[in-house]
Amino acid sequence: MLTHRQTDSAINRAIVIGAGLGGLSAAMRLGAKGYRVTILDRLDRVGGRGSSITQSGHRFDLGPTIVTCPQVFEGLWAACGRDFHKDVDLRPLDPFYEIRWPDGSKFTARGDTDAMVNEVRRLSPSDVPGYLRFLKDSQRRYVVGFEGMVAKPMHKLWETIRVLPEFARLRADKSILGLAKSRVRDPRLQMALSFHPLFIGGDPMHVTSMYALVSHLEKEFGVHYAIGGVQAIADAMARVVTLQGGDIQLGVQADEILIKDDAAAGVRLTGGEVLAAPLVVSNADAGHTYTHLLRKRPRKRWTDAKMGSRRWSMGLFVWYFGTKGTAGKWSDVGHHTILSGPRYEGLLRDIFIKGKLADDMSLYVHRPSVTDSDVAPAGDDTFYALSPVPHLGFDGPVDWSVETAKYKDKVAAVLDTLIPGFRNTITTELVYTPEDFRDRYLSPHGAGFSIEPRILQSAWFRPHNVSEEVTGLYLVGAGTHPGAGLPGVVSSAEVLGKLVPDAPVPAVQRMAAE
Ligand SMILES: Cc1cc2nc3c(=O)[nH]c(=O)nc-3n(C[C@H](O)[C@H](O)[C@H](O)COP(=O)(O)OP(=O)(O)OC[C@H]3O[C@@H](n4cnc5c(N)ncnc54)[C@H](O)[C@@H]3O)c2cc1C
């Protein structure tokens, strides 16, 4: 069957492959520009990695839990003539999160600088001056790296070359861990100031020190949680798309991006159906877009070999579980806790360089039930525990059909130090391994966050938002500029909005208007 016939009335059609936060943002931007948008996603609900699954009354927020930079959402809504805060209940958190180390020490992160300085002083008094210098480092990197680059098109080499002097001045060649080490001596503080890139799939020993900007982002704009989880944001986006006249088709998978006269012409679904449109936006992973959806097209830049030689972000082992009658228990465990393992650099090397599943681990523990009463039945709790693990692209990848049960026991032993006896209270659970990321999101190597954000895989070096391979094809989402994380993927659609002209008006509409 052929729909959206390539007639004059279809010239304002756009297809967005993928209803992740990047794809939904793209659809909103295109809708605001007058396009008639169709979103396609293989899952049964919108949100991609930001979607949720509810089991026995427990809502598992599958992926993102921390919302930073609410202004990127506010800007997106404003571009559509709406108010983000009327559609989404976003709550600022205080404290932001707590880090705990095996020696029993803790660090509570907050927006208030005096409170943060007190935390640094408590752990290592001599590191206070270095911490204050790190805050300045962070602010300077924010101005250049965030304000100057994130929502700017980076497909012209010149745009990247232009910022190189500033990058050199800010020692962007240094890793974020290298920067933290040059400012503070205490290994716990070195970790606390450098772990943030892990939330977008980067190895702190190798990603550029420009990512120190995240400390400034947190301090200036806070850490937030959306009531209803990120799923509530995705659902609100889908409502805007529908109000703009867009169409969202779930449970359908794009198999090929069609090309006519060297330009995008539509999409063929796995069932054979063809949807025609002169503008196609892919929010599928950039690796999947080029090596699968454009597999029949000879490619100049993003060949299979080039994609295969990228460094990919780590995989994730995520254990979601609901616990019964625990709401008043573990009262010192808040919404976000990081349980740092006994090794930092050694563990990073195992995960990112050697591809080895280590026995020790660092865990991020999510307990949304302390902020959002609807996430669990009354009196109960909903948790997830996330452990970064190697992706599946190493030689001799981890066989999760064998390892899952054993690894879960190891995670349980670590979690028991935070929430003793939790295993006896579990009523429902779900585990995602890199194999689930591969199969559910079609993520190459089951990576959690697409291509790793190293300096030579960022900005111009990342797959561009306007495709290098096909006219009329655009890319948004984690694998393209500026990169993973909610602010990143929403900003990728802001870039799209700058690259795509307003929708052409079909002749019938023109005549009706005249
Ligand atoms: C566990 C976890 C925790 C995270 N925590 C945070 C956090 O706290 N804060 C933060 O800012 N970020 C966080 N992130 C990162 C953030 O969630 C992601 O970077 C972001 O959601 C990715 O959005 P996206 O639009 O690029 O793609 P995705 O969410 O991957 O969406 C892509 C969509 O495309 C669909 N698709 C793919 N191929 C096809 C096809 N051929 N046909 C049809 N549909 C297709 C998929 O089904 C999917 O729905 C986290 C990520 C994970 C996994």
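The values are calculated or read from the model by the stated rules, or taken from the named source; none is laboratory data. Computed from a predicted structure; not experimentally measured. Reconstructed Cβ throughout: ideal geometry from the backbone, glycine too, with neighbour counts over all protein chains shown.
Out of (1) of a type outside the set (K, R); (2) touching a residue at least 60 places away in the same chain (Cβ under 8 Å); (3) more than 9 Å from the ligand (Cβ to nearest atom), the odd one out for A19 is which?
(3)
Taking only pairs six or more apart or across chains, which ones have beta-carbon atoms under 6 Å, a first residue in the stretch 43-54 that is under 16 Å from R438 (Cα atoms), and a second residue that is assigned to a strand (DSSP E or B)?
Partner pairs satisfying both residue conditions: G48/G20.
Against the condition touching a Lys or Arg at 6+ places or on another chain (Cβ under 9 Å), touching a residue at least 40 places away in the same chain (Cβ under 8 Å) and farther than 24 Å from V67 by Cα, how does T480 come out, does it pass? Walk me through it before giving the result.
Working: touching a Lys or Arg at 6+ places or on another chain (Cβ under 9 Å): yes; touching a residue at least 40 places away in the same chain (Cβ under 8 Å): yes; farther than 24 Å from V67 by Cα: no.
When the stated conditions are applied, T480 does not pass them.
For the stretch 456-466, check the following and say yes or no: at least one residue is assigned to a strand (DSSP E or B) and modelled with pLDDT of 95 or more. Show your work before the answer.
Quick first cut of the stretch 456-466, residues assigned to a strand (DSSP E or B) only: 466.
Okay, now just the ones that are also modelled with pLDDT of 95 or more, so 466.
Yes, the stretch 456-466 has at least one match.
So for the stretch 267-287 (the condition being under 30 Å from L170 (Cα atoms), surrounded by fewer than 22 Cβ atoms within 10 Å (Cβ to Cβ), within 11 Å of the ligand (Cβ to nearest atom) and under 18 Å from the mean Cα position of the chain (by Cα)), does at least one residue qualify?
Within the stretch 267-287, not a single residue is under 30 Å from L170 (Cα atoms), surrounded by fewer than 22 Cβ atoms within 10 Å (Cβ to Cβ), within 11 Å of the ligand (Cβ to nearest atom) and under 18 Å from the mean Cα position of the chain (by Cα).
On the basis of being farther than 24 Å from D304 by Cα and either outside the structural domain of V16 (by TED's automatic domain parsing) or surrounded by fewer than 23 Cβ atoms within 10 Å (Cβ to Cβ) (or both), does P501 make the cut? Step through it out loud before you land on a result.
Details: farther than 24 Å from D304 by Cα: yes; either outside the structural domain of V16 (by TED's automatic domain parsing) or surrounded by fewer than 23 Cβ atoms within 10 Å (Cβ to Cβ) (or both): yes.
The answer is yes for P501.
Within the stretch 347-360, can you find the residues that are within 19 Å of H206 (Cα to Cα) and in a loop (DSSP other than H, G, I, E, B)?
If we filter the stretch 347-360 for residues that are within 19 Å of H206 (Cα to Cα), which is where we start, we get 347-356.
Those that are within 19 Å of H206 (Cα to Cα) and in a loop (DSSP other than H, G, I, E, B): G355, K356.
With the requirement that a residue be more than 23 Å from the chain's Cα centre (by Cα), under 26 Å from G50 (Cα atoms) and in a loop (DSSP other than H, G, I, E, B), what does the stretch 419-450 give you?
Scanning the stretch 419-450 gives a single hit, I419.
Somewhere in the stretch 424-435, is a residue under 23 Å from L293 (Cα atoms) and surrounded by fewer than 19 Cβ atoms within 10 Å (Cβ to Cβ)?
So in the stretch 424-435, the residues under 23 Å from L293 (Cα atoms) come out as 434-435.
Those left that are additionally surrounded by fewer than 19 Cβ atoms within 10 Å (Cβ to Cβ): 435.
Within the stretch 424-435 (the criterion being under 23 Å from L293 (Cα atoms) and surrounded by fewer than 19 Cβ atoms within 10 Å (Cβ to Cβ)), the answer is yes, since at least one residue qualifies.
Spot the failing condition for S401; the list is (1) within 30 Å of A478 (Cα to Cα); (2) more than 14 Å from the ligand (Cβ to nearest atom); (3) in contact with a strand residue (DSSP E or B) (Cβ under 7 Å, 6 or more places away or on another chain); (4) of a type outside the set (V, I, T), and only one is missed.
(3)
Taking the stretch 409-443 as the region of interest, how many residues are within 16 Å of the ligand (Cβ to nearest atom), in contact (Cβ under 8 Å) with a residue 40 or more places away in the chain and of a type in the set (D, E, K, R)?
Total satisfying the criteria: 4.
What are the pairs with Cβ atoms under 6 angstrom where one residue, in the stretch 321-336, is assigned to a loop (DSSP other than H, G, I, E, B) and the other, located anywhere, is of a type in the set (S, T, Y)? Sequence gap at least six, or different chains.
Partner pairs satisfying both residue conditions: K324/T425; K324/T427; T326/T425; H335/T371.
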